[in-house]
């Protein structure tokens, strides 16, 4: 009977951390190095066999707990969260999905790198748009933001082309990064 109570408590603590504190889906916990979705679901529902030490270690990592926390919860204690809890950003989620594709053999590692960089460029473009919205309206500021946005879109297109052509070697991505690095500072200074 004690094991049932321990399982139920562990499941409640895991679900609280995953859902309420970190805002993660079960899939995102798995992608962050946690146990399989089936195992996580069973744990959260307080059913199934007791978790292995490997599963408890995976929970620590994926739920951003200090090492040994999941085991402490299993034994009736409380977890030590790494502070502060850092929810995954959209970029982290995107990168995890691309990594999963690479692990499944659907895409090459170079494609994962390129697609993750495309996601990062998109994130930067969004940040620029947010900053621009805070500036007082002016034709000069609008022109600068438009020029930077156009450069970011061009870089994104080039990275996508590089992803498709990734089998030609890593030099393609390096060349595109250097071109972007040379182009953006010129736009900002002008």
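The values are calculated or read from the model by the stated rules, or taken from the named source; none is laboratory data. No experiment lies behind these values; they were computed from the predicted model shown. Here the Cβ is made from the backbone with ideal geometry for all residues, glycine too, and neighbour counts use every protein chain on show.
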(message) Return the residues of segment 15-47 that are without any contact (Cβ under 8 Å) to a residue 12 or more places away in the chain, exposed (fewer than 15 other Cβ atoms within 10 Å of the Cβ) and within 22 Å of residue 5 (Cβ to Cβ); say none if nothing qualifies.
(response) 16, 19, 20
(request) Just give me the residues in segment 1-35 being farther than 17 Å from residue 45 by Cβ, part of a loop (DSSP other than H, G, I, E, B) and either more than 19 Å from the chain's Cα centre (by Cα) or modelled with pLDDT of 90 or more (or both), in sequence order. (result) 1
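Matching residues to (1) assigned by TED's automatic domain parsing to the domain that holds residue 34; (2) modelled with pLDDT of 70 or more; (3) surrounded by 13 or more Cβ atoms within 10 Å (Cβ to Cβ); (4) under 20 Å from the mean Cα position of the chain (by Cα):
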| site | (1), (2), (3), (4) |
| --- | --- |
| 50 | yes, yes, no, no |
| 55 | yes, yes, yes, no |
| 81 | no, yes, yes, yes |
| 112 | no, no, yes, yes |
| 121 | no, yes, yes, yes |
| 131 | no, yes, no, no |
| 146 | no, yes, no, no |
